[in-house]
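The values are calculated or read from the model by the stated rules, or taken from the named source; none is laboratory data. Remember, it's a predicted structure, so these values are computed and weren't measured experimentally. Using ideal geometry, Cβ is built from the backbone for each residue, glycine included, and neighbour counts are taken over all protein chains shown.
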Amino acid sequence: MQPFAPARCSGIVISLLVALAACGAVLGAGRAIAQTGPVKRILELPPVQWDADGVRWRYARQQTDSDFARATGGMIFGMRPEEVNPLLPHPAAALHWDEMPVASEYVDEVRYTWVHMKVANKMVAPVRSCYGAASYIVVQFRASGLFRISWRFLPDAACPDVTHAAAELFASFVPIASTVALSVHYRTGYAEVVDVTDPRSGLLVTQRWQMRGQ
């Protein structure tokens, strides 16, 4: 068998490039057609970096406690209720452990306060999509301090689908290092929930909020 001559190789390469260009045109036309219908959004993740063996990866930029505080209006894990209170949209006259309600979804003693999302501008800054007027944020404490912030997106007649809003918020916490915060996005009943938890909270990390009656 004779080896390919240079001219013949060039012809093959050109043919392949023409074929690829044609495929790209077809795919582009398909996308144009698809975009005439409803747009389905996806979660956009930040760039990643792989190791030399292509086995392990990490986010190209690992965010820190400072990034976390900016996303929560200044809150960081371990804060006492008295330290969190001034950071809330409408601070209470006083916020003390003994005076807060108990979160019944936990076996251990957990207490909480909450705010409406519609007044918590700094805590929902990444969200561009609509969310129901009744949506709210729960700030939860153990005796050792703040350990979880839970965003609960509730649909209503004006905004029947809150999935996009929850995904936008979740995306802002994804690149935060797991040593700083653990984030999950899940659905319970008709609510979309984003929980951001102190990684030092042990078994409480896996415990999710459930809507009553579910």
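Can you find even one residue in the stretch 203-213 that is at pLDDT 95 or above and more than 17 Å from Met75 (Cβ to Cβ)?
No: the stretch 203-213 contains no residue that is at pLDDT 95 or above and more than 17 Å from Met75 (Cβ to Cβ).
Take Ser150 and tell me if it is free of Cβ contacts under 8 Å to residues at least 24 places away in the same chain and of a type in the set (S, T, N, Q).
Criteria not met by Ser150.
If you scan the stretch 126-154, which residues turn out to be in a loop (DSSP other than H, G, I, E, B), crowded, with 20+ Cβ neighbours inside 10 Å and not aliphatic (A, V, I, L, M)?
Residues satisfying the conditions are Tyr131, Gly132, Ser135.
Can you work out which of the residues in the stretch 126-147 that are touching a residue at least 40 places away in the same chain (Cβ under 8 Å) and touching a Leu at 6+ places or on another chain (Cβ under 9 Å) is nearest to Met211 (Cα to Cα)?
Checked the stretch 126-147; the qualifying residue nearest to Met211 (Cα to Cα) is Val139.
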